[in-house]
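A short worksheet on the structure shown next.
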Amino acid sequence: MVPEYSFVLGSPPDPAGDLANTFEFIRAIKRVNPATEIVLYTYTPVPMDGALYAEASRLGFAFPTTLDEWASDEWRQLMMRRGEGIPWIDGTIRRQVRNFERVLNAYYPTVTDRRLTPARRLLLKAASAWRYTLKLYSAPYELRALHRLIQYQRPETTGF
């Protein structure tokens, strides 16, 4: 059995701080069990009273108020684009999530994809090791190219 953990990132009022803390927690989980699959989501409010919803509303988030708005392409796209259009999730936060995810999945490639050969796993880990070790996640263009070259199942893009 391979555990799969999902994390919601970028919670207000401090989305950058939330990212940093969650990234460290994920790294700790991977030290304990490197096979753990990690899936990342950006925070989207739920319509319940509480501090997070109040802060999200204060920052400009609002749920649709009509059935047409709920069924609109704009709302559907907002929910599918990893926080794009949510007031406190700016481009920097989205890039940090995407880049961390790319480095993490190269350093710890999924164990559930049987097509991923040991040599390809080694190549992915070697290419990402310096980034993962030094916590330098920004602009991992070489890993993006490798992910395209070595197409393999990643938990954030493919269900099991």
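The values are calculated or read from the model by the stated rules, or taken from the named source; none is laboratory data. Please read all numbers here as calculations on a predicted model, not as lab measurements. Using ideal geometry, Cβ is built from the backbone for each residue, glycine included, and neighbour counts are taken over all protein chains shown.
Quick look at the values:
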quantity: Within the stretch 101-124, tally of residues that are more than 19 Å from the chain's Cα centre (by Cα) and in a helix (DSSP H, G or I); calculated: 6
quantity: Subset of the stretch 1-17 [surrounded by fewer than 18 Cβ atoms within 10 Å (Cβ to Cβ) and part of a helix (DSSP H, G or I)]; calculated: Ala16, Gly17
quantity: Residue among Ala20, Ala106 that is touching a Pro at 6+ places or on another chain (Cβ under 9 Å) and among the hydrophobic types (A, V, I, L, M, F, W, C); calculated: Ala106
quantity: Residues of the stretch 10-40 classified as touching a residue at least 40 places away in the same chain (Cβ under 8 Å) and either touching a Lys or Arg at 6+ places or on another chain (Cβ under 6 Å) or within 13 Å of Thr92 (Cβ to Cβ) (or both), total; calculated: 4
quantity: Test: Phe61 is touching a residue at least 60 places away in the same chain (Cβ under 8 Å) and surrounded by 16 or more Cβ atoms within 10 Å (Cβ to Cβ); calculated: no
quantity: Residue within the stretch 29-47 that is over 27 Å from Lys135 (Cβ atoms) and surrounded by fewer than 16 Cβ atoms within 10 Å (Cβ to Cβ) present; calculated: yes
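Condition check ((1) crowded, with 17+ Cβ neighbours inside 10 Å; (2) at pLDDT 90 or above; (3) among the polar types (S, T, N, Q)) across all residues:
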site	(1), (2), (3)
Ala106	yes, yes, no
Pro109	yes, no, no
Thr112	no, no, yes
Thr117	no, no, yes
Leu122	no, yes, no
Thr133	no, yes, yes
Leu136	no, yes, no
Glu156	yes, no, no
